[in-house]
Amino acid sequence: MPIFKSRKEVTGALTGPSISVVVPLYNHARYIESALESVLAQTSPADEIILIDDGSSDNGFELAQRALAKVSHARVYKQENAGAHNTLNRAIGISRSEYVAVLNSDDVFSPEKLAYCRAVLSERPSVGLISGAVGIMDDDSVRQQAGVAIDWLGRARQFLVSTGLPQLALMNENFVATTSNMVFSRKLWEAAGGFQPLRYCHDLDFLMYAFAHDSVHLDLDHEHIVYRVHERNTIKEDISKVRVEIAAVIAQGLFQSGPRLFSAGLNEQDLNAFVQFLRNKQFTELLVFFQTILPAFATRGAFYDYASDPRNASAFRAAVTA
């Protein structure tokens with residue numbers, strides 16, 4: 001399948017690279033229309049929209065079809081339930097642009113998200129992944145100015161500001177928050193082997209790979225998305241399972257990046273930041289175990305299969321809840 005050329009090549013104007021928006025939809029009939037409206041309202045339009053319904057039991061797919069019926073550059077698909085990472089990988093594989101923007105079906109893009117990303121990529125074409133600042137809204141699309149999620153984002157950003165170590169700060173708390181806050185090159189996605197078989201942390205794994213193997217730009221002066229906090233967020237399902245996945249992904253990130261996590265001087269501040277990170281996460285034993293055994297696995301996917309194997313679940317979950 002041919003890849004769309006950049007807008008510069010097609011028009012002769014400096015308008016940035018082509019970007020496909022991919023939308024994995026699952027049981028979000030309540031939210032999908034506002035999600036798609038946020039894509040269609042971009043000040044710098046998407047070159048393509050790919051939506052895949054992952055076996056929903058509600059009428060979200062019909063609503064999406066209706067919303068995109070007159071959008072010539074949009075395509076919609078429906079499949080049996082395959083999970084978030086598989087749906088994302090299929091949608092990206094169908095898409096044809098140089099860059100991909102993910103929008104989960106319960107979030108919304110800020111109006112200038114794609115414009116911000118094209119501006120960055122026009123100035124810095126070597127960047128492989130861009131993320132921006134995050135707004136928070138509730139189930140009724142009301143912007144939140146206080147509460148648990150706002151406090152969490154504040155702590156996460158404060159660790160980044162105080163340490164100046166972006167990758168370590170993301171390991172401490174993933175302030176990127178969601179795949180909806182990622183625009184990345186097709187080359188990076190291909191090199192990473194796509195999104196990995198993780199239920200909760202495929203976004204963090206992808207970020208870790210990008211930091212280790214490509215260039216990441218954090219556009220934190222501009223809001224790129226509004227993340228919806230509600231009772232059906234996947235991350236709220238089982239905190240011990242989530243923490244095991246986080247430990248596995250962080251072990252992989254430490255293994256891949258090594259000293260590149262820190263400043264060039266590898267100084268006392270780096271050590272202090274790392275110690276604080278370990279204390280914050282409170283699963284050092286499992287993290288060290290995972291990092292120690294990583295060389296036994298040929299691929300990240302194989303390691304993650306081991307980390308999520310039900311036969312090991314009780315031991316791993318006990319290690320993160322002790």
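The values are calculated or read from the model by the stated rules, or taken from the named source; none is laboratory data. Remember, it's a predicted structure, so these values are computed and weren't measured experimentally. Positions of Cβ are generated from backbone atoms using ideal geometry, with glycine treated the same way; all protein chains shown enter the neighbour counts.
A few remarks follow.
- Hits in region 35-59 (condition: in a loop (DSSP other than H, G, I, E, B), within 21 Å of the chain's Cα centre (by Cα) and of a type in the set (A, V, I, L, M, F, W, C)): A46
- Count of region 247-273 residues which are more than 28 Å from A315 (Cβ to Cβ) and touching a His at 6+ places or on another chain (Cβ under 9 Å): 0
- Screening V242, V229 for residues that are over 24 Å from L286 (Cα atoms), touching a residue at least 12 places away in the same chain (Cβ under 8 Å) and of a type in the set (V, I, T) leaves exactly one candidate, V229.
- Filter result for N59 (exposed (fewer than 15 other Cβ atoms within 10 Å of the Cβ) and either assigned by TED's automatic domain parsing to the domain that holds H224 or under 22 Å from A115 (Cβ atoms) (or both)): yes
- When S308 is tested against (1) among the small types (G, A, S); (2) under 15 Å from the mean Cα position of the chain (by Cα); (3) closer than 30 Å to A29 by Cβ, just one condition goes unmet, and that condition is (2).
- Single residue of F290, F206, F211, F195 found to be touching a Lys or Arg at 6+ places or on another chain (Cβ under 8 Å), modelled with pLDDT of 95 or more and not basic (K, R): F211
- Sole residue being closer than 29 Å to E48 by Cα and in contact with a Ser or Thr (Cβ under 9 Å, 6 or more places away or on another chain), chosen from L188, L204, L165, L198: L198
- Filtered residue count, region 60-87, keeping only those that are out of contact with any helix residue (DSSP H, G or I) (no Cβ under 8 Å at 6 or more places or on another chain) and outside any helix (DSSP H, G or I): 7
- Residue satisfying condition, being within 27 Å of S263 (Cβ to Cβ), surrounded by 19 or more Cβ atoms within 10 Å (Cβ to Cβ) and not assigned by TED's automatic domain parsing to the domain that holds A307, within set Y200, Y227, Y209: Y209
- Odd one out for C201 among (1) more than 15 Å from the chain's Cα centre (by Cα); (2) over 29 Å from T43 (Cα atoms): (1)
- For region 7-32, taking the residues that are touching a Leu at 6+ places or on another chain (Cβ under 9 Å) and at pLDDT below 70, the one that is surrounded by the most Cβ atoms within 10 Å (Cβ to Cβ) is identified as R7.
- Boolean, G128 is touching a strand residue (DSSP E or B) at 6+ places or on another chain (Cβ under 7 Å), buried (at least 18 other Cβ atoms within 10 Å of the Cβ) and under 24 Å from L36 (Cα atoms): no
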